[in-house]
């Protein structure tokens, strides 16, 4: 009877170990995946923004005033 | 019985190794805080990570940094047939009262090469009045020929050309291109547009103005 109980305890411990190892592996893989995605995001952000303002238009003004010949009014 | 005991010890040991191994690995990778909020690792011994972000914005920006050539007011002195004034400093005898301004100065202040179309809005035979008056222009690139490549006004570079009508797309069959490529490099991105008036003594008193327009189109490779 006592040996049977001990076997059950060992079995439970074995299942617990399997569970912990599984969770550990999942956590690590998940973390590695997150880091890889973050690196990809960073790479994608280094882009040349090709948007440009098309059709920029500027003006310059020329002016003069001609007074009457000889400076008369 | 004895084998179960040994197995139990081994399993417990495996359990501890697995738990501590996992915690240690996660902590070394990026810190446990992001997973649990329990603790951070920015203590100088474990690496921290930060994303870098660089965006180079492009900008087409061509400006008249000197956008006015105002000769002020003046007259032809009695006894003289005409007066010639120009932004290159020309001022003949007989001109009284005029000021000599700098020419219109264009600068490519963006980071894109630009094609420039040039036009002016006001010219007619009677613009200045008188029998022998004239209105001329020329352009030059004071920072070298790399400034302005191509274009339909190469004959007007550093050489006066009398206007006989307005410069625009219609009159030039869309060949009113001043530069096929106006460089944005700071070492060669200036264009000077010079203006000259020849005022005949028969010109009536009047105010004269004209507007020069530059239309820039992005021609940089994307």
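The values are calculated or read from the model by the stated rules, or taken from the named source; none is laboratory data. Fair warning: this is a prediction, and the values are worked out from it, not measured in the lab. Every residue, glycine as well, gets a Cβ built from its backbone with ideal geometry; the counts of neighbours run over all protein chains shown.
So the values come out like this:
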| quantity | calculated |
| --- | --- |
| Leading residue by the ranking (nearest to residue B:57 (Cα to Cα)) among those in the stretch A:6-43 that are modelled with pLDDT under 80 and more than 10 Å from chain B (Cβ to nearest Cβ) | A:40 |
| Single unsatisfied condition, residue B:151 versus (1) surrounded by 21 or more Cβ atoms within 10 Å (Cβ to Cβ); (2) on the phi < 0 side of the Ramachandran plot | (2) |
| Qualifying positions in the stretch B:194-213 - part of a strand (DSSP E or B) and either at the interface with chain A (Cβ under 7 Å from one of its Cβ atoms) or free of Cβ contacts under 8 Å to residues at least 12 places away in the same chain (or both) | B:195, B:197, B:199, B:206, B:207, B:208, B:209, B:210, B:211, B:212, B:213 |
| Flag if residue B:209 is loosely packed, with under 13 Cβ neighbours inside 10 Å and at pLDDT below 95 | no |
| Residue in the stretch B:57-77 that is touching a helix residue (DSSP H, G or I) at 6+ places or on another chain (Cβ under 6 Å), at the interface with chain A (Cβ under 7 Å from one of its Cβ atoms) and modelled with pLDDT of 90 or more present | yes |
| Among (1) loosely packed, with under 15 Cβ neighbours inside 10 Å; (2) within 22 Å of residue B:167 (Cβ to Cβ), the one test that residue B:89 misses | (2) |
